[in-house]
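The structure appears right after this line, and notes come after that.
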Number of protein chains: 2
Amino acid sequence: MAVTLAEVAVRAGVSPATVSRVLNGGYPVAGDTRTRVERAVEELGYIANASARALAAATSDLVGILVHDIADGYFGILAGSLQGALDPAGGGEPRRLAVVCNTQGAPAAETAYLTLLEGQRAGGVVLTGAAAEDPEHTAALTLRVARMAAAGTRVVLCGRPPVPVPEALPVATVVFDDRGGAFRLAEHLLTLGHRRIAYIAGPPGRSTTRERLAGHREALRRHDPALPEACDALTVHAGFERSAGYDATRELLRRGEPFTAVAAANDTAAAGVAAALREAGLRIPEDVSVTGFDDLPFSQDTAPALTTVRVPLREAGALAAQLVTGRRPLPPGGITTLPTELMVRASTAPPPPARRTP
Amino acid sequence: MAVTLAEVAVRAGVSPATVSRVLNGGYPVAGDTRTRVERAVEELGYIANASARALAAATSDLVGILVHDIADGYFGILAGSLQGALDPAGGGEPRRLAVVCNTQGAPAAETAYLTLLEGQRAGGVVLTGAAAEDPEHTAALTLRVARMAAAGTRVVLCGRPPVPVPEALPVATVVFDDRGGAFRLAEHLLTLGHRRIAYIAGPPGRSTTRERLAGHREALRRHDPALPEACDALTVHAGFERSAGYDATRELLRRGEPFTAVAAANDTAAAGVAAALREAGLRIPEDVSVTGFDDLPFSQDTAPALTTVRVPLREAGALAAQLVTGRRPLPPGGITTLPTELMVRASTAPPPPARRTP
DNA sequence: CCCGATCCAGAAAGCGCTTTCCATCACTCG
DNA sequence: CGAGTGATGGAAAGCGCTTTCTGGATCGGG
């Protein structure tokens, strides 16, 4: 049906080998021969069969990216920037294709998609999202990653902890300074005068959850060694979704423990927090300050604009693209930490003078 | 390097053909033979080479989806739901892989990615986003779509106008009732008492832009035949991004034409509109009402919550998945229109009594 | 009890491309 | 002026899987 390389060869009056060489370069081909082949390709509208090429070359132009949910801004930005940077910028047709896999953070889905990608002999794979800190899954994952890397697939872990694979394998890790960001965010709250700070943590057993919580508590401790424990009753584990923030806040309100600020695990949950607070008749930031994390685009348009921590997702995506395509060499040690930045906006203010119980 | 089907065959003591048949079904294989093969597959950790399979079968498990920008909520939701519905729900490993391509709406990028997908012998392709209404590109696209469809690739156009291909080809179209939604949205504004309604349209030459504007103007006309023209001076074409809404609003404000409401082409632009308005000291909705379009998740968390039109993106993605995988037969005529729904929230209210010039 | 129908499984021919390994050919050097 | 040399292009062997095409058993009906 479709035009094949052999037909192009016939038309150009050369052998298939020559056509292949013209198309792929890396081999001397005389000027006029090349021209004849190119004209034949043009005239026939030849489009190379990627499967055949991948089979013969034992590697494909596919790059897999595992995300929790591509509809989530965090992953959307990461994946978008990744996809855009897969091929060298400026001029030239794209060549590499991004395969997006929603795992919802489920280990089983992660494994299943890795199998699929391994079957595709993907040129690279990027794993994003907070890894489930399940020893069994981690072990299985390490094996998979090592096997794929050994087979020539470049692997990049982005926003999740590195896996222990042999040094020589092409595996890189890009992480965010979540801990530092959370630390500065808590510091900001403390400086404003807050002491009873509620914390809506992410789902338990996730590296991101742990890092952010650790940074937060570290700041509290630095301020007053007894503070982390004092705030324990105000810490709840929820999810990264809006509804999780909403529900957790209602729960907090129900308990009756007084607080003057709520730090959410991320911006999305913070939106839910704010909604629950407003519903309860509390003003932000006059009665309660609210903070998020990630600095997703919408956080500047919430009511009020959200104080948060900027996570360089765009940069991370572009970096991951360079690493996964091999355009950038692996950093020594294989791991790159990207800085985060405190973004102070309108949702935080000093606590109310009379310490009301919300 | 990797385990091949032949090795599995040797281990199971059968021929490669039999292993293939066990793996793919559709051919009778005796019970014990099947068991032996399955055990061999298990023991060897065999993962089929997808390229080889695609080459032999002349079709791959890849489904391409072209979007303007996957980081944009509109496309993120569409693509996410699409990806999630590629494989039949409930149980079973995933099989199909979604290839996401950001085109930024550029015809050249669209063509380039279609070429890549054609080379991959993709099982299906979903084109989303407002199509550029460029006759030349439309013609080229029609050819491409027809050729891919003729080669067995299922094509679904989602949220963009159908292309004229022969009836028999597997090409489906899923569109939103943008016009109806815009109509009802304008009606809502008119009912509140607004007459001087600014309209921040999307980029010119896009089907979505045209449909939404048409519905809007139709409602105005229905109310008062002279109204569309009266509002012409208040209509500006911008983009679908936040900054476009922001800039357009500043421009509107600068012109000095009085208005009591601003309808933006979509939610994202509406966020920019609201920001510009607030910066100018205008209150929403007391001084100016604002409306969006799409009902992206963040629109309930803006200040104030945005009146908008819900576009069933999730449903569309799932539907597109069924169509592109062939799990759902093409509807007669090939085109499905999905309804939109007016969502009245806090950003719209009656115009201020004294008609101030903002 | 023989024969066509029914099951299963193997042999082998590709699918379309890449990539050695060779064969030329035109020169250039001694 | 013959052999060595580099630049080109062709032949052919796969890459790993699917899918006819065949053929040997097994089975039921006449």
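The values are calculated or read from the model by the stated rules, or taken from the named source; none is laboratory data. From a predicted model like this one, the values you see are computed outputs, not experimental measurements. Cβ coordinates were reconstructed from backbone atoms using ideal geometry, including for glycine residues, and neighbour counts include every protein chain displayed. The protein model used for the area step is the full one, side chains on, heavy atoms only, and it has no ligands, DNA or RNA in it. Shrake-Rupley method; radii C 1.70, N 1.55, O 1.52, S 1.80 Å.
General remarks:
- Angle between chain A longest axis and helix A:135-150 axis [Cα atoms, degrees, rounded to 10]: 30
- Label points for residue A:56 are taken 7 Å from Cα along Cα→Cβ. From this copy to the others they lie 1.9 nm apart, shortest first.
- Solvent-accessible area buried by B and A, counting both chains, probe 1.4 angstrom, square angstrom: 4200
- Residues listed by number, the stretch B:256-280, amide nitrogen under 11 Å from residue B:233 label point at 7 Å toward C-beta: B:256-259
- Amide H contacts of residue A:159 (H built 1.01 Å from N, in plane; Pro and chain starts excluded): A:174, A:175, A:176 sit under 5 Å, all sequence-distant by 5 or more or on other chains.
- Helix B:31-44 and the long axis of chain B differ in direction by around 70°, with both axes built from C-alpha atoms.
- Estimated FRET transfer efficiency (residue A:150, residue B:328; beta-carbon r; R0 35 Å; 0.05): 0.30
- Apportionment of accessible area to carbon and sulfur, the stretch A:243-358, percent (1.4 Å): 54
- Accessible surface, per residue, of the stretch B:178-310 when the full set of protein chains is kept, probe 1.4 Å, Å²: 35
- About its Cα centre, the dipole of chain B is roughly 320 debye, where the only charges are +1 on Lys and Arg Cβ and -1 on Asp and Glu Cβ.
- Helical runs (DSSP H, four residues minimum) scored at -39500 (n - 2.57) apiece and divided by the length of the protein assembly as shown put the mean residue ellipticity at 222 nm at -13500 deg cm²/dmol.
- Amide H contacts for residue A:64 (H built 1.01 Å from N in the peptide plane; partners 5 or more residues away or on another chain; cut-off under 5 Å): A:99, A:124, A:125, A:126.
- Given chain B, longest segment not containing exposed loop GluC sites (Glu not before Pro) (DSSP; at most 12 other Cβ within 10 Å): B:1-166
- Taking amide H atoms as placed 1.01 Å from N in the peptide plane, the amide H of residue A:131 lies under 5 Å from those of A:207, A:208, each 5 or more residues away in sequence or on another chain.
- Percent RCO, i.e. relative contact order, over the stretch B:5-48, from Cα pairs under 8 Å lying at least 6 residues apart: 45
- Under Karplus coefficients 6.51, -1.76 and 1.60, residue-wise ³J(HN,Hα) of the stretch B:208-222 in Hz, glycine/proline x: 4, 4, 5, 4, 5, 5, 4, x, 4, 5, 4, 5, 4, 4, 4
- Most mobile of A:242, A:34, A:196 in a GNM of chain A (Cα contacts under 10 Å): A:34
- Protection proxy ranking for B:267-273, A:328-334, using the average of other Cβ atoms within 10 Å per residue and placing the highest first: B:267-273, A:328-334.
- Put a plus charge on the Cβ of each Lys and Arg, a minus charge on the Cβ of each Asp and Glu, and nothing anywhere else: the dipole of the stretch B:178-310 about its Cα centre is then about 200 debye.
- Distances between copies at residue B:327, taken between label points 7 Å from Cα along the C-beta direction, are 3.5 nm in increasing order.
- Cα gyration tensor category, rounded, prolate or oblate, for the stretch A:1-74 with a/c compared to 1.5: prolate
- Charge dipole (debye, nearest 20) of the protein assembly as shown; +1 at Cβ of Lys and Arg, -1 at Cβ of Asp and Glu: 180
- Percent antiparallel among DSSP beta bridges (both partners in the protein assembly as shown, rounded to 5): 15
- Listed residues A:217, A:254, A:206, most fluctuating in chain A (Gaussian network, C-alpha, under 10 Å): A:254
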